Amino acid sequence: MKRLKFILLTAILAFTMVMPSFAFAAVDSPAKNPTYTAVVKGANSKTYDGKSAVVKVYVITDDGSDNIKTEVKTITTPVNAGTYKYTFNGKTVYYTIKQAKNVVSVTKNKTYTKKQLKKKGKSFQIKTKSKNKGKVTYKSSSKYVKVSKKGKVTISKKAKKGTYKIKVTVAAKGNYGKCVKYIKIRVK
């Protein structure tokens, strides 16, 4: 019994000696590091229209002590299509200006009779206009209609009655995206 009292008394004494250091450590514990968040208000992209975008970004700071602070930053983007990066307190937001739809015009559809093609076939040059002046490529749907890299079309005298297509592709460039058009050649 004496031994049990001795152990109990020793444990209580040891606990009371350690207790003040626990209380001291709790009082002097360092504050948490602040955390930051950056959020774009509204949409984070638009389609190219020749104008800058004025974008509001909310920068939220939490100092770790339930003190949350919000700042509104205003940025003006460049005019041209692309993805732009903005950093606030180490947090990055992106704003994208997408390429606009390309406006392309090509040579009108053509119609020929078998009689017109009988002697030597026909040929013509494809004319293409686009807003972005992107690279133009051509592809024919038939062995009877050939198209060169420069857009010269040759219709064989052996072409059968029917409709043939030439695919005209203008590549994306700058502020305007890719566009595909078709020219129909009808043989009747």
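Scan segment 49-92 for residues that are outside any strand (DSSP E or B) and surrounded by 13 or more Cβ atoms within 10 Å (Cβ to Cβ) and jot them down.
Matches in segment 49-92: Ser52, Ala53, Asp63, Thr77, Val79, Asn80, Ala81, Asn89.
In the list Lys98, Lys118, Lys108, which residue meets the criterion of being touching a strand residue (DSSP E or B) at 6+ places or on another chain (Cβ under 8 Å), loosely packed, with under 11 Cβ neighbours inside 10 Å and within 30 Å of Val168 (Cα to Cα)? Lay out the reasoning, then the answer.
Values: Lys98 fails: loosely packed, with under 11 Cβ neighbours inside 10 Å; Lys118 fails: touching a strand residue (DSSP E or B) at 6+ places or on another chain (Cβ under 8 Å).
Of the residues listed, the single one that is touching a strand residue (DSSP E or B) at 6+ places or on another chain (Cβ under 8 Å), loosely packed, with under 11 Cβ neighbours inside 10 Å and within 30 Å of Val168 (Cα to Cα) is Lys108.
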Is it true that Lys181 is without any contact (Cβ under 8 Å) to a residue 24 or more places away in the chain and part of a strand (DSSP E or B)?
no
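Quick one: in segment 126-147, of everything that is open to solvent by less than 100 Å² (accessible area, probe 1.4 Å) and outside any loop (DSSP other than H, G, I, E, B), which residue is nearest to Val103 (Cα to Cα)? Lay out the reasoning, then the answer.
At the first step, the residues of segment 126-147 found to be open to solvent by less than 100 Å² (accessible area, probe 1.4 Å) are 126, 128, 130, 132, 134, 136-138, 140-142, 144-145, 147.
Checking which are outside any loop (DSSP other than H, G, I, E, B) leaves us with 128, 130, 136-138, 140, 145, 147.
Working: Thr128: 11, Ser130: 6, Val136: 13, Thr137: 16, Tyr138: 17, Ser140: 22, Val145: 26, Val147: 23 Å.
Checked segment 126-147; the qualifying residue nearest to Val103 (Cα to Cα) is Ser130.
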So which residues in segment 148-168 are loosely packed, with under 15 Cβ neighbours inside 10 Å and closer than 17 Å to Lys178 by Cα?
Lys167
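The values are calculated or read from the model by the stated rules, or taken from the named source; none is laboratory data. Because the structure is predicted, anything quoted here is derived from the model rather than measured. Neighbour counts run over all protein chains shown; Cβ positions are idealised from the backbone, glycine included. We work out accessible area using only protein heavy atoms, side chains counted, and drop any ligands, DNA or RNA first. Shrake-Rupley method; radii C 1.70, N 1.55, O 1.52, S 1.80 Å.
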